[in-house]
Each structure stands twice: as structure tokens, then as C-alpha cells.
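Report on the structure given below.
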Amino acid sequence: MQEKEKFMKEALKQAQKAYEKEEIPVGAVIVKNHKIIARAYNEKEDKQDSTKHAEILAIQKASKKLKTWRLTDCEMYVTLEPCSMCAGALIQARIKKVYIGTMDQKTGACGSVLNLLEDYEFNHKVEVETGILQKDCEQILKNFFRELRESKRSGIEVVITRLTRNQLGAFKSATWVRIPLAPPIK
């Protein structure tokens, strides 16, 4: 396994944490000198804060650890293409390179909808590489949104109680509890 895949797997583990908390499953890790220095996942719903994206939280943790806002020798691995806010944060933090799992055709700002990292002349250029473990990164998002649609259609809330992994670390089974929603009060 290449180093890129190893670090993207770590970002996927963060995305799984978001999934388990019913957040959009996006995870990010920041690497310096071939070591992970920060990990994060989306916490927008839990914190009720639209800025709590995995990329922003990872940048904050890395900056705190290194005691600087300049992350010039750092690379980010993120499961979903950053939005415009997060792409701007990559530039501001001076991230050297971002590795993206899958592209976001609705709000992506690193090549899909627009490309803040290459189409504009900012004071810092962030290198971009896409398609790292793309199928795995796509699948966790597809599963999340499929389950969300199903729970809305059937009028039930889905709660994950236990997940098990196979030897490769992939999820092989889950135990689900389905709890009917209470009828509306009249």
C-alpha cells in the first residue's frame, strides 16, 4: 500500500466517525514529515456551526500542535473535495498539497464547480491530487445519503448500535435498531 492510500484510509476512519454521529461523512488528516499531526471529521450538525468542516477543524488542530498558522510543509488528505470556505482555508494556512478522495459536483472548489486552488492568482499555491481511494470515499457518502433518504421516506429514525470490521479494516456488518418516530401532536 502506498503512503497516499495509507493516509486516505485514516481520513476515511474520520469520515466513519462522522457517519456514526449522523454527520455528513467527511474526514481529513494533516501530515507533516510522513506523520499524522491532526485528524478531524465534520461536526456541523453536532455543534450547529456551519464552519465545523473536517478541513477547518484539522487545520485548527495542526496549527495548535505546531504553534503556528503557517502549515507550509504539511499535506492534507480529505475524503471529499473541499468547498470554497475550506479551499480558502487551505490557501490561508499555506498547506503544501491536498489529496482528495472524491470530487463534489455540487459545492467543490478544487476543480468541480470552481477551482480556487488553480484558477486564481493568490499569494500561495496549493498542489492538488485527486482520486485517492475514490471508490471508498464515494461509497461512504452514497451509503449515508441512501440511508438518510430511506429513513425520511419510511418515517423512521435509524440508530447504529454496533459495527464490525474485517481484517482489512473495511466494515463488514452492522447491527441496526429502528425506532419509529412519535406521531405529531395535534
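The values are calculated or read from the model by the stated rules, or taken from the named source; none is laboratory data. Being a predicted model, the structure only gives us computed values, none of them experimental. Counting neighbours? That spans all protein chains shown, and the Cβs are built from the backbone with ideal geometry, glycine included. Protein only, heavy atoms only, side chains kept; ligands, DNA and RNA dropped before computing areas. Shrake-Rupley method; radii C 1.70, N 1.55, O 1.52, S 1.80 Å.
Things to note:
- In this simple spin-label model, placing a label point 7 Å from the Cα along the Cα-to-Cβ direction at both residue 149 and residue 69 gives a separation of 4.2 nm.
- Too-long pairs where the Cα-Cα distance tops 21 Å, listed order kept, from 44/125; 9/97; 13/61; 67/96; 47/67; 13/44: 44/125; 47/67
- Computed over protein heavy atoms with a 1.4 Å probe, the accessible surface of region 1-95 works out to 48 Å² per residue.
- Sorting 116-129, 18-31 by average packing, meaning the other beta carbons within 10 Å per residue, from highest down gives 18-31, 116-129.
- Using the Karplus relation 6.51 cos²θ - 1.76 cosθ + 1.60 with θ = phi - 60°, the per-residue 3J(HN,Hα) values for region 60-77 come to 4, 5, 5, 4, 5, 5, 8, 6, 7, 7, 8, 9, 4, 9, 10, 10, 10, 10 Hz, with x marking Gly and Pro.
- Taking the centroid of alpha carbons for each part, region 87-123 and region 18-47 are 17 Å apart.
- Counting only protein heavy atoms and a probe of 1.4 Å, the accessible surface of region 1-92 is 46% carbon and sulfur.
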